[in-house]
Amino acid sequence: MSEGDRRPRRSPLVVVAGATAALAAVPALWSGWSWYAAAHDDSAAYARVRDTVLAAGEQAAQNMNTLDHRDLGPGLDLWESSTTGDLHDQLVQGRAKFEGQVRQAQTVTSAKALSGAVTELDDRAGRASVMIALRITVQVPNSAPATKDSRMLGELTRTPGGWKLSALGQVPMGDSAAAGQQSGAPQQAVPAPSGTAAPRPTSAGPSAPQQPAGH
């Protein structure tokens, strides 16, 4: 008998059983990989939305605290295009009066976003909250520019045109983000010309233009 003939032979049933077990493990492995991939895809998608919201919030807060009396039309157009809901409606309705105030006061207000964070995000509902740190500079005639750092708490709503501000308010520098949120929905805080009286807030939504943080 040859060396090969003396080797133990595996039963065909054992071979079939082993192959069946191996095939049965394939769906389980695939299911586990699919779950892992789906979970990581969801996390990546959420992170992308969060980054988009933060970028939109920083840019919109910067837009809403930037206005030059020498170029009012495009500036106020940018305010309106950065907002939605009651905040947008109030800007549109009060535009003519506010434009006259800015022209009379001859103010130049500019802002730069320093940092920001998304404090709440409900992607399914299309709502988010952000806190933005801004450096706001206000120039009035015959005066040196006044610069001050300010924190803004904003609410954003997803629209067909992207994420836009539906509310924006100033948070005192000594307060925490949580304290700002406990006070209710943020009120609009956008530049108003120095020496002019801001219109009274309405019960329907955010307040009308108020003094900038630099004052």
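Screening Arg48 against (1) farther than 15 Å from Leu156 by Cβ; (2) of a type outside the set (S, T, N, Q); (3) part of a strand (DSSP E or B) leaves a single unmet condition, (3).
When you scan the stretch 80-95, do you find a residue that is without any contact (Cβ under 8 Å) to a residue 24 or more places away in the chain, of a type in the set (Val, Ile, Thr) and either part of a strand (DSSP E or B) or open to solvent by 50 Å² or more (accessible area, probe 1.4 Å) (or both), even just one? The answer is yes, given that some residue of the stretch 80-95 is without any contact (Cβ under 8 Å) to a residue 24 or more places away in the chain, of a type in the set (Val, Ile, Thr) and either part of a strand (DSSP E or B) or open to solvent by 50 Å² or more (accessible area, probe 1.4 Å) (or both).
Within the stretch 51-58, not a single residue is hydroxyl-bearing (Ser, Thr, Tyr), assigned to a helix (DSSP H, G or I), more than 15 Å from the chain's Cα centre (by Cα) and farther than 24 Å from Ile136 by Cβ.
Taking the stretch 46-62 as the range and being without any contact (Cβ under 8 Å) to a residue 24 or more places away in the chain and of a type outside the set (Asp, Glu) as the test, the residues that pass are Ala47, Arg48, Ala55. If you go through the stretch 23-77 and keep only what is closer than 24 Å to Arg124 by Cβ, modelled with pLDDT of 95 or more and exposed (fewer than 11 other Cβ atoms within 10 Å of the Cβ), you end up with nothing.
The values are calculated or read from the model by the stated rules, or taken from the named source; none is laboratory data. What you are looking at is a predicted structure, and each value in this text was computed from that prediction instead of being measured. Note that each Cβ is placed from the backbone with ideal geometry, even for glycine, and that neighbours are counted across all protein chains shown. Please note that ligands, DNA and RNA were not included when accessible areas were found on the heavy atoms of the full protein model with its side chains. Shrake-Rupley method; radii C 1.70, N 1.55, O 1.52, S 1.80 Å.
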